[in-house]
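S.K.: I have a structure I would like to understand better, so I am pasting it below and will then ask my questions one at a time.
A short reminder: the numbers here are calculations on the coordinates, not readings from a lab. None of these values were measured; they are calculated from a predicted model. Please note: Cβ atoms are built from the backbone with ideal geometry, for glycine as well, and neighbour counts cover all protein chains shown.
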Amino acid sequence: LDDPTADPFDVALRAANQIAERTGVERHEIALTLGSGWGKAAELIGETTATIPAHEIEGFSRPALEGHVGTLRSVLLPNGKRALVIGARTHYYEGHGVRRVVHSVRTAAAAGAEVMILTNGAGGIRESWSPGTPVLISDHINLTGDSPLEGATFVDLTDLYSARLRAIAHSIETDLDEGVYCQFRGPHYETPAEVQMAKTIGGHIVGMSTALEAIAARQAGMEILGLSLITNLAAGIQSTPLSHLEVLEAGRDAEPVISALLARIVGAL
Ligand code: 6GU
């Protein structure tokens, strides 16, 4: 993927073939990327039949961050469908380029996934969201200045976060709020002024992932469901400084509840 002359879709196809070989599963209909706080969903959605260290699959890097598990799992759902559970996210802030960031999504598409569920831990702009609140992503604002698409690829992003899938989520949990996710480059958290900007332009959630992945998923023709766990309020909305440790702890505390919610949503797809 670091070779600019390589076709990233060829790399993704080879990765998908390696996953099929290692898992013995030809097609995974659903894919999930589990961000911080969502990891327990892997055990709750069904029976894991294979676990692969992600870096053993072409194009995947070693995990860069504590709290991010670098595995790919094949999970058999109660309804007989197969889910590819991606616990290995490459963040844009790692600086390895946007191709690496979206490789797992392209691999999921090549593995047959028609639904892509993207989850993350993020900061909340709405004061009523206490840490531990799950929020459905209704749309996003990509503030990275980058795109996973190369060349004249004019992809429509209307209804990027599928209204159909959001309706299913609402049918499972009636008081699930929705919000617009703003992807910042990171790895620093935003300044209070940047958070105010995000609020002014229509954002409700701030984070460092998901938007670029959603664009790649749409290009690949997948239906997308996005879920954020509010781990803290954004800078200036909460008066105390943000700490990565606090973010991880909030994720860990909320994990059983929100993972169970995600498992119920997956069960309803
Ligand atoms: Cl406040 N900002 C960003 N960009 N990512 C976060 C966060 C805030 N809190 C958790 N993740």
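S.K.: In whole angstrom, how far apart do the alpha carbon centroids of the stretch 103-170 and the stretch 205-219 sit?
M.R.: Here the answer is 5 Å between Cα centres.
S.K.: Find the centroid of the Cα atoms in the stretch 242-259 and in the stretch 41-64, then give the distance between the two in whole Å.
M.R.: Measuring centre to centre over Cα atoms gives 21 Å.
S.K.: Let me ask something else. Using r as the Cβ-Cβ distance of residue 62 and residue 238, and R0 as 30 Å, what FRET efficiency do you calculate, to the nearest 0.05?
M.R.: It comes out at approximately 0.35.
S.K.: Indicate the helices, whole DSSP H runs only, in the chain that combine a mean Kyte-Doolittle hydropathy of -0.5 or more with a Cα extent along their long axis of 27 angstrom or more.
M.R.: Membrane-span-like by this criterion, though nothing is claimed about a membrane: 244-268.
S.K.: With the crude spin-label approximation of a point 7 Å out along Cα→Cβ, what separation in nm comes out for residue 196 versus residue 6?
M.R.: Label at residue 196, label at residue 6, 4.5 nm between them.
S.K.: At 0.36 nm per residue, and after removing the present C-alpha to C-alpha distance, how many nm does the segment from residue 188 to residue 156 gain when stretched out fully?
M.R.: Full-extension gain reported as 8.5 nm.
S.K.: Here's a follow-up. Once you list every other residue whose beta carbon is under 12 Å from the beta carbon of residue 181, what net charge do they have if Lys and Arg are +1 and Asp and Glu are -1?
M.R.: -3
S.K.: Quick check for me: using +1 on Lys/Arg Cβ and -1 on Asp/Glu Cβ, what's the dipole size of the chain about its Cα centre, in debye to the nearest 20?
M.R.: 300 debye
S.K.: Report relative contact order for the chain in percent, whole number only (criteria: Cα-Cα under 8 Å, sequence separation at least 6).
M.R.: For the chain, the relative contact order is 26 percent.
S.K.: Ok, one more. Connecting C-alpha atoms closer than 10 Å in a GNM of the chain, tell me which of 210, 48, 90 has the biggest fluctuation.
M.R.: Most flexible of the set in this elastic network: 48.
S.K.: Neighbour counts of other C-beta atoms within 10 Å: give me 161, 181 arranged from fewest to most.
M.R.: 161, 181
S.K.: In debye to the nearest 20, how big a dipole does the stretch 72-212 give about its Cα centre with +1 on each Lys and Arg Cβ and -1 on each Asp and Glu Cβ?
M.R.: 580 debye
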